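The values are calculated or read from the model by the stated rules, or taken from the named source; none is laboratory data. All figures in this text were calculated on a predicted structure; none of them were measured in a lab. Cβ: placed from backbone, ideal geometry, glycine included. Neighbour counts: every protein chain shown. Ligands, DNA and RNA are stripped out before the accessible areas are found, and what is left, the full protein with its side chains, is counted by its heavy atoms. Shrake-Rupley method; radii C 1.70, N 1.55, O 1.52, S 1.80 Å.
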Amino acid sequence: MTRLYFVRGGTRTWFSSSLLTAAWPLTLLPLAASYFLRLRSEGPAARLFFMTPKILAATAAVGAVNGVDSFLYASGVSKLPISTSALLIATQLAFTACFAFLLVKQRFTPYSVNAIVLLTMGAGVLAFGASSDRPAGESAREYVVGFIMTILAASLYGFLLPAIELVYKQAKQGITYTLVLEIQVVICFSATVFCAIGMIINKDFQALSREARELFKTGEGNYCVVVIWTAVMWQFFFVGAVGVICYGSSLLSGVLIAMLLSVTEVLGVIFFGEQFRAQKGVSLALSLWGFVSYFYGEVKSSKNALTDPANAVKDCQTAEEAIC
């Protein structure tokens, strides 16, 4: 959907980047419902807000970084075929693994390491002969800029996922459904404000009506449809990403994103008629292999923990925790 905006004639990168988080008010609906249910069950003494000032500040900072990442991502997507940019973004998994180790002391297994290597190699294969899929009418310089912007976006997002997990750990309280949604709202609000400032500086607000009326190839109505649904689907994505981090880990979230980007690469070929060269086929195969490797390792580890009590005790701080 983000690429569709540019393919059909959209030109505003700051506006496109704001769409990644602009639908944050949608998250207020389930958040309000959770507040209402708590008031009904607990009465006036119910606690409405779970974020402390420290967590609020940290989350807002993460959101600002997310705004920078959104701009880098939109800049890359505006210049590259989606089948290429999607697999380049998959390199975020290697960055996620590094930052997860540094920030949250992520533990690795041979299977997770194998998955990281395969998924990263899959994206790296595109660097060989990548310029052969340069869109018509685009200069080599613009293509290279898009390539670099996309890699920078991947590296920054690789930092963001463990940073969100670190915020959970610093909360030093039970990670509830409400707290996860509060963190999501603050991150997206902060990122949207950052992108809105960029739009003001770039005078995007004054240009949007003309862009919809004159530049968008399929008409003003379709322009609104693309813009609205792009924002809505990105909001579902971000809620899912922070939810996986909460109930799993930032590494698991990175693996799922890397896998889904391979699907995006195939959809780009189907819907936009982009070329599917040998490099993309190899990249997709390596990505699928890495995804299967990761989950095979997770299933095997879970079975070992169930069949060998010593493994369960080893993974916990105390024997009592293992029994629980």
Exercise. Taking the simple approach of a point 7 Å from Cα along Cα-to-Cβ for both V225 and T52, what is their distance in nm?
Worked result: 4.9 nm
Exercise. At a 1.4 Å probe radius, carbon and sulfur cover how many percent of the accessible area of the stretch 1-322?
Worked result: 70 percent
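Suppose all protein chains stay in the model; what accessible area per residue would a 1.4 Å probe give for the chain, in Å²?
Numbers: 15900 Å² over 324 residues.
Each residue of the chain exposes 49 Å² on average to a 1.4 Å probe.
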Exercise. Leaving out ligands, DNA and RNA but keeping every protein chain, what accessible area does W229 have, in Å² rounded to the nearest 10, with a 1.4 Å probe?
Worked result: 140 Å²
Seminar exercise, completed: For M121, the accessible surface traced by a 1.4 Å probe with all protein chains present amounts, in square angstrom to the nearest 10, to 100 Å²
Exercise. Sorting S250, S301 by accessible area (1.4 Å probe), largest first, what list results?
Worked result: S301, S250
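Please give the length that would be gained between I148 and E214 if that part of the chain were fully extended, namely 0.36 nm times their separation in residues minus their C-alpha to C-alpha distance (nm, one decimal).
Values: separation 66, 0.36 × 66 = 23.76 nm, distance 3.07 nm.
Going from the current span to full extension adds 20.7 nm.
In what sequence, highest mean first, do 31-43, 82-94 appear when ranked by Cβ atoms within 10 angstrom?
Values: 31-43: 12.2, 82-94: 27.2.
Ranking, from highest mean packing down: 82-94, 31-43.
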Exercise. For the chain, what log10 I(q)/I(0) values come out of the Debye formula at q = 0.07 1/Å, with one point per alpha carbon and no solvent?
Worked result: -0.32
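Quick check: with the 1.4 Å probe, what order do F295, F216, F236 take by accessible area, largest first?
Details: F295 70, F216 10, F236 150 Å².
Highest to lowest solvent-accessible surface, that is F236, F295, F216.
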Problem set entry | Entries of K79/K217; K54/K169; K217/K280; K280/K300; K105/K172; K105/K280 with Cα pairs more than 23 Å apart | K217/K280; K280/K300; K105/K280
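What are the trypsin sites (Lys or Arg not before Pro) within the stretch 124-214 that DSSP puts in a loop, where the Cβ has at most 11 other Cβ atoms within 10 Å?
Values: sites: R141, K169, K172, K203, R210, R213; in loops: K172, K203.
Passing both the DSSP loop test and the Cβ count: K172, K203.
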Problem set entry | Contact order normalised by residue count of the chain, Cα under 8 Å, 6+ apart, percent | 34 percent
Exercise. Hey, rough spin-label estimate for A278 and R38, points 7 angstrom out along Cα→Cβ, what's it come to in nanometres?
Worked result: 5.8 nm
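Stretched out fully, how many nm does the piece from A61 to M1 gain, at 0.36 nm a residue minus the Cα gap?
Taking 0.36 nm per residue and subtracting the Cα distance, the gain is 18.9 nm.
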